[in-house]
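The values are calculated or read from the model by the stated rules, or taken from the named source; none is laboratory data. The structure presented is a predicted model; accordingly, all values stated were derived computationally and were not measured. Here the Cβ positions follow ideal geometry from the backbone for every residue, glycine too, while neighbour counts run over all protein chains shown.
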Amino acid sequence: MPLIILGLLALAAREVWHLRLGFASLHWMHTTGTLQHIWQESDIGPADSDGRHSVYAHYTYSVDGRAYEGRRLSYRPMALVPFAEAMDLLYGLRKGSEIDVYYDPARPERAVMIPGTGTGNIVGLATLLVLAVLCAWAWVARF
């Protein structure tokens, strides 16, 4: 049981890190990049209907003459989104199109196409913490 609790706390720490970077990305520098590939995958249900989908991207950008590749769309959850939201994220984006890229000036290799966080980050963090507390309570209660 302690390993489960530690695992839940590690996942919660990771979510805190994503929240921190998501909020920081709202103030990052901005540049123009080129979209190399963007796609959605069906996680639950058919690929072209309601259900849950994940959206992925691959893009390139340069900062101070140095080229970088990015694969992070955002720090908000991009997995298990409704079909309509997945399609909204893909709308108007094609291979080779210019895109906005927001990068960390201290670490330009860290970048996103969509700055900020989402409620999914907070819900995920709260869920992990509640589960960790419940597991800890159950573990302590057995003694």
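Structure notes:
- Taking every residue in region 122-143 that is in the same structural domain as Ile5 (by TED's automatic domain parsing) and pairing it with any residue that is acidic (Asp, Glu) and surrounded by 16 or more Cβ atoms within 10 Å (Cβ to Cβ), at least 6 positions away or on another chain, the pairs with Cβ-Cβ distances below 6 Å are Gly124/Glu15; Leu125/Glu15.
- In summary, Arg66 fulfils each of the numbered conditions (1) charged (D, E, K, R); (2) within 19 Å of the chain's Cα centre (by Cα); (3) modelled with pLDDT of 95 or more with the single exception of condition (2).
- Members of region 98-117 that are loosely packed, with under 13 Cβ neighbours inside 10 Å and either in a loop (DSSP other than H, G, I, E, B) or touching a strand residue (DSSP E or B) at 6+ places or on another chain (Cβ under 6 Å) (or both): Glu98, Pro105, Ala106, Glu109
- Restricting the first member to region 17-30 and to residues that are in contact (Cβ under 8 Å) with a residue 40 or more places away in the chain and not assigned by TED's automatic domain parsing to the domain that holds Arg76, and the second to residues that are part of a helix (DSSP H, G or I) and of a type outside the set (Phe, Trp, Tyr), the beta-carbon pairs closer than 6 Å and six or more apart or on different chains are His18/Asn121; Leu19/Asn121.
- When residues of region 83-130 are limited to those that are more than 15 Å from the chain's Cα centre (by Cα) and of a type in the set (Ser, Thr, Tyr), the one modelled with the lowest pLDDT: Tyr91
- When region 126-143 is limited to residues that are surrounded by 16 or more Cβ atoms within 10 Å (Cβ to Cβ) and out of contact with any Leu (no Cβ under 7 Å at 6 or more places or on another chain), the one that is farthest from Tyr56 (Cα to Cα) turns out to be Ala136.
- Val16 fulfils the conditions (1) of a type in the set (Val, Ile, Thr); (2) closer than 21 Å to Gly116 by Cβ; (3) over 14 Å from the mean Cα position of the chain (by Cα) except for a single criterion, (3).
- Only one of the listed residues (Tyr75, Tyr91) is among the aromatic types (Phe, Trp, Tyr) and loosely packed, with under 14 Cβ neighbours inside 10 Å. That residue is Tyr91.
- Check on Leu80, under 19 Å from the mean Cα position of the chain (by Cα), within 30 Å of Cys135 (Cα to Cα) and at pLDDT 90 or above: no
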